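Trainee: Sharing a structure below in structure tokens format, with a few things to ask.
Each value in this text was obtained by applying a stated rule to the coordinates, not by laboratory testing. Quick caveat: nothing in here was measured; it's all calculated off a predicted structure. In this analysis, Cβ positions are derived from the backbone assuming ideal geometry, glycine residues included, and neighbour counts consider all displayed protein chains.
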Amino acid sequence: MTRRRISLPAIGRVYLGLVLAFLYLPILVMAAMSFNSSKLYRLPIDWSTQWYVALAGNDKLIAAGTNSLIIAVVTTIIATALGTAVSLVFFRYRFRGKAVMQLLLFPPITIPWLIIGTAMLIFFFWVGIGRGLHAMILGHVALALPYVIVVVTARLHSFDPTLEEAARSLGAKAWQVSWRVTFPWIAPGLFAAALFAFAVSFDQFVISYFLAVPGVSTLPVEIYTSIRKGFTPEINAISTIIITFSMALLLGVARFYRFGGER
Amino acid sequence: MLKRFGRTAVGLAAAAGVALGAAQAMAEEIRVLNWQGYGTDEPWSLEKFSEHTGISVVHDYFNSEQEMLTKLRTNPGAYDVVLINSAFTRQAADEGLIQPIETGKITHLNDTSPGMRENANFIIDGKTYAIPWVWGVTSFAVDTTDFTEVPTSIEELWDPKHAGRVGWRDDAVEAVMFAAIATGQDINNPSDFDAIREKLRALKPQIRTFWSSEDEWNQFMSANEFDLATYWSGSASRSKTAFGLPVEFVIAEEGAIGWLDGLSIAKDAPNPEGAHKFINWMIDPDFYVAWDTNVGAPASANEKANAGLPETSFNRAVLGDSEKVSKVQFMGPMDDALREKILTLWQETKTYYQE
Amino acid sequence: MAAVTETGAAHRRRAQRLTIFAMTGPAYLWLALTIFLPLSAMAYFSFLTDAPFGNKQAFLTLENYRAFFQEDFYRTLMLRSFRLGAEVTFYCFLFGFPCALVLAKTIRGRWREALFLLVILPFWSNALVRIFSWTMVLRGNGVLETLVNWILPGTGPLNLMFSYPAIIVGLVHSYIPYMILTCYLSLQAIDDSLIEAARSLGAGRLTVLRRLILPLAMPGIFAGAVLIFVPVVGSFMEPRILGGRNGTFIGTIIEDQFTAVFNWPLGAALSFIMLGIVLMILLIASPALRRMR
């Protein structure tokens, strides 16, 4: 009986390990295949670094990767800021039209991106926004917004509004309430929302595909269009580099900054 | 707040615009719209072209003919050269998406096969809207390790021997055309849709999966997922030469689907002069022979180019065989109503395929 | 006196309206420009006979919506897509919720942050690349088959590729981080002393889970379910690549209307029908969920 109490968290950890293994299986395969010299991904693996050498000489793929990064960073900042403001309003106030506003968040995630992409292309063409990096940022922010709002709102729902009132009654100004009370509480939600926004933008290919101008593309666009020619292992190579780099970056962040907060 | 936000957005857009403009204003360039990896973007050729003419070539790609048309419609003045399947050339010209070509500037034009040069889809009201570039055949290829003898009939795709071992492309027009050939009908104007529906439904136990790109096809073949699969002639020769796969392309005795790709100049092209030069470069036998030998290409519309290939090359051995080629039915233009009818039939069939 | 408080209230109301407007204005303006206006154009197309391009005449019609009710196979596929959405959401909850619970309640300190990030990180790799990796894992002579045959010689081909389960595996893999993330955010907000109090009052582990943890985690579960269910219903890339012959869904059919034929009106009509059904399901589900809280 006493053993059961000890083993429950242990089971939990093993389970967590299994889920992580499932999540990382295809990523490990991708990394392994980037070192496989067979273009057809034959097994067993014939180890080689030729795709990394090829990648170093592939200016187009590297430029596309840089564009993706720029767009994703700008999108993350704008979407997180605008989305959080909306979440706060949804949480603090009851007002007419709120339900409609909440419903309006669903079309961007329900309607297949292909249709939104086509619609954006035509509309931007009509109103003169055109295509290019600026158009892609416009589109990406719109797609990331609902995710930010849903995630931050979910976090806010566990927030006790009396905390805000208490702070106010103790004489705190509105901005002090937001900064010293609300913000620390929703910080993990903000961080998660920013991660989402970044992922949505960094991974978005349909919208970018329609809004890219010739010669200026993003990584997913390059990947998507290259499928017809051949899904070259260079793509596995650059994906491996990106995932390794972001893992190092995020774990570094986790090392120095506690965003989850211990209570 | 609103105002500041607006200014930031405008500033961002402007910054992005400046960055784009700076990157593009450097040298004389032309913009080409094509499938990716389909000849025009071979780097060794573009380098030489740039040396010769001082023009650099920028590419944009499409993944379906409809998408190509949409890109032309919504980006007037963005492209110079565009590759269009002959079945769509007339529609593009009718919509005013492409402009007549000054044939005098295309010095290699007279070497192209007259039948293709004077294709009814390319010449409209006496004006030339496209230059024939490459052509090929859609039929099927077999894994020679699974066959003692290369089959000759299209019925092989329906043979229960190959249940669950057939690769098929998820393309409504192609699927219906295959069924039309198998039921002895005109591919451009099938009359008996019930027979086609039955024939396509009979494929249900046969199909292993749908393939959508050459790369996927190669991977599936290499992983031994298929005994035989529908395929394109040019890709089959690439699979053999570039990937060393044991495949043989078959033009069945019942017939096969022929297609012809032409190069056109977009309406309001920013650099029509460069566009003419590039098209001429693309139908030059020098380019084609190198492309087919080193990479693998569809058959050239330029007779001199085909003659420059080694005798054993796929495009001379298979597509040079006039007896075989005579069985090929070429794709004609298709009106939207028929295209829609074909798509509905194919989608209904695919729904039937679901367990 | 009464007059003063009334103007005070009116003033507050006006200030509140201004705050609401200033804080939601930018986001909704942005959405209007990039989503609502373009989609309105699409909605208008869905009532036309032809997409208004080129020199073709387009007329107003209800034909595109009628097509949905006339052809049986559209409904079959719509049902199939909603079933897929429900199944994927269910599996994501089944496997993701315990994972979030372990993360939020049994792991402590910096490990928790690190593991939490490890869960989201796969998200940052390209979806298409991930799906292609799955084809390498699942296909014949692939990673899984080689592995299984190495451990248990003579198992033979597994035939996992190009099947409905393959689509489920690929989609659950793509979407499960949403569920883990949103559940984690809700679970982490539950005060441990609440759980301890319940336990000390004699509640069993299952009772605590059912009566305390699950209801309090509901906002997170619901948010995760929405973020998964909604896009999966319209998915077309994963089913196409992993499902092979079994990969036909309403999303793939809509994609065909845009890429294979130039029938934007029908494609748009089918999407709006899909959107309508999704919104209806969400509307029905949300009061039920609110009552559970």
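Trainee: Which FRET efficiency, nearest 0.05, do residue B:146 and residue C:94 yield, Cβ-Cβ r, R0 41 Å? Working shown, then result.
Mentor: Details: r = 42 Å, r/R0 = 1.01.
Computed FRET efficiency for residue B:146 and residue C:94 comes out at 0.50.
Trainee: Shifting gears a bit: Please report the antiparallel percentage of the DSSP beta bridges confined to chain B, to the nearest 5.
Mentor: 60 percent
Trainee: Among C:151, C:120, C:201, whose Cα sits farthest toward the positive end of the charge dipole of chain C (+1 at Cβ of Lys/Arg, -1 at Cβ of Asp/Glu, about the Cα centre)?
Mentor: Of the listed residues, the answer is C:201.
Trainee: Charges only on Cβ, +1 for Lys and Arg, -1 for Asp and Glu: so what's the dipole of chain B about the Cα centre, in debye to the nearest 20? Each step should come with its number before you reach the end.
Mentor: Values: 30 positive and 52 negative charges, 238 e Å.
In debye, rounded to 20, chain B gives about 1140.
Trainee: Another question, then. What's the FRET efficiency of residue B:127 with residue B:201 using the Cβ-Cβ distance as r and R₀ = 45 Å, to the nearest 0.05? Don't skip to the answer; put the middle values down first.
Mentor: Values: r = 45 Å, r/R0 = 0.99.
According to the calculation, E is roughly 0.50.
Trainee: If I model a spin label as a point 7 Å beyond the Cα along the Cα-Cβ vector, how far apart are those points for residue B:193 and residue A:104 in nm?
Mentor: With each label placed 7 Å out from Cα toward Cβ, I get 4.3 nm.
Trainee: Once you order the gyration tensor axes a ≥ b ≥ c over the Cα atoms, which shape class does segment C:215-293 get: rounded for a/c under 1.5, otherwise prolate or oblate by comparing a/b with b/c?
Mentor: Numbers: a/c = 4.07, a/b = 1.95, b/c = 2.09.
Oblate, because a/c is 1.5 or more while a/b does not exceed b/c.
Trainee: Going by the alpha-carbon gyration tensor, a ≥ b ≥ c the square roots of its eigenvalues, is chain C rounded (a/c under 1.5) or, if a/c is not under 1.5, prolate (a/b greater than b/c) versus oblate? Intermediate values should be presented prior to the final figure.
Mentor: Values: a/c = 2.20, a/b = 1.04, b/c = 2.13.
Oblate shape, in that a/c is at least 1.5 and b/c is the bigger or equal ratio.
Trainee: Which of the lysines could a cross-linker span from residue B:199 if the Cα-Cα distance has to be under 26 Å and same-chain partners fewer than 8 positions apart are dropped?
Mentor: B:161, B:324, B:327, B:341, B:350
Trainee: Between segment A:7-85 and segment B:24-86, what is the C-alpha centre distance in whole Å?
Mentor: With segment A:7-85 and segment B:24-86 each reduced to a Cα centre, they are spaced 31 Å.
Trainee: What dipole magnitude, in Debye to the nearest 20, does chain C give about its Cα centre under +1 on Lys/Arg Cβ and -1 on Asp/Glu Cβ?
Mentor: Result for chain C is approximately 940 debye, rounded to the nearest 20.
Trainee: Then there is this: Would segment B:202-355 count as rounded, prolate or oblate if I go by the C-alpha gyration tensor, calling it rounded below 1.5 in a/c and otherwise prolate when a/b exceeds b/c, oblate otherwise?
Mentor: In terms of gyration-tensor shape, oblate.
Trainee: Taking +1 at the Cβ of each Lys and Arg and -1 at the Cβ of each Asp and Glu, which of A:167, A:204, A:252 sits farthest along the dipole of segment A:58-256 towards its positive end, judged by Cα position relative to the Cα centre?
Mentor: A:167
Trainee: Another question about this same structure. So for segment C:1-129, taking the charge dipole from beta-carbon charges (+1 Lys/Arg, -1 Asp/Glu), which of C:41, C:85, C:60 sits furthest toward the positive end?
Mentor: Of the listed residues, the answer is C:85.
Trainee: What number, rounded to the nearest 500 deg cm²/dmol, is the helix-based mean residue ellipticity at 222 nm of chain C, given -39500 (n - 2.57) per DSSP H run of at least four residues and division by all its residues?
Mentor: Values: 13 runs with 213 residues, N = 293.
Value at 222 nm, helices only, nearest 500: -24000 deg cm²/dmol.
Trainee: Further, regarding this structure: Can you put A:182, C:207 in order, fewest other beta carbons within 10 Å first? Don't skip to the end; give the middle numbers.
Mentor: Working: A:182 19, C:207 14.
By the 10 Å Cβ count, ascending: C:207, A:182.
Trainee: What helices does chain B have that are whole DSSP H segments, at least 30 Å long along their own axis by Cα, and with mean Kyte-Doolittle hydropathy of 0.0 or more?
Mentor: Numbers: long enough: B:2-24 (33 Å, 0.80).
Span-like helices in chain B: B:2-24.
Trainee: Under a crude label model (7 Å from the Cα following the beta-carbon direction), how far is residue A:28 from residue B:241 in nanometres?
Mentor: So the label points at residue A:28 and residue B:241 sit 4.1 nm apart.
Trainee: Another one. Other chains' Cβ within 10 Å of C:35-45 residues: what's the mean?
Mentor: Details: counts 14, 5, 5, 14, 8, 2, 6, 8, 1, 0, 3.
Mean inter-chain Cβ contacts per residue within 10 Å come to 6.
Trainee: Same structure again: Please average, across the residues of C:244-254, the number of beta carbons from any other chain that are within 10 Å of each residue's own beta carbon, and give a whole number.
Mentor: Numbers: counts 11, 16, 6, 6, 9, 3, 1, 2, 5, 5, 4.
Other-chain Cβ atoms within 10 Å of each residue's Cβ, averaged: 6.
Trainee: Related question: What is the distance, in nm, between label points placed 7 Å from the Cα along the Cα-to-Cβ direction at residue C:10 and at residue A:56?
Mentor: In this crude label model, residue C:10 to residue A:56 measures out at 7.5 nm.
Trainee: If you don't mind, another one. At a 10 Å Cβ-Cβ cut-off, how would you order C:259, C:106, B:107, fewest neighbours first? Let's see the in-between values first.
Mentor: Details: C:259 18, C:106 15, B:107 12.
With the fewest neighbours first, C:259, C:106, B:107 line up as B:107, C:106, C:259.
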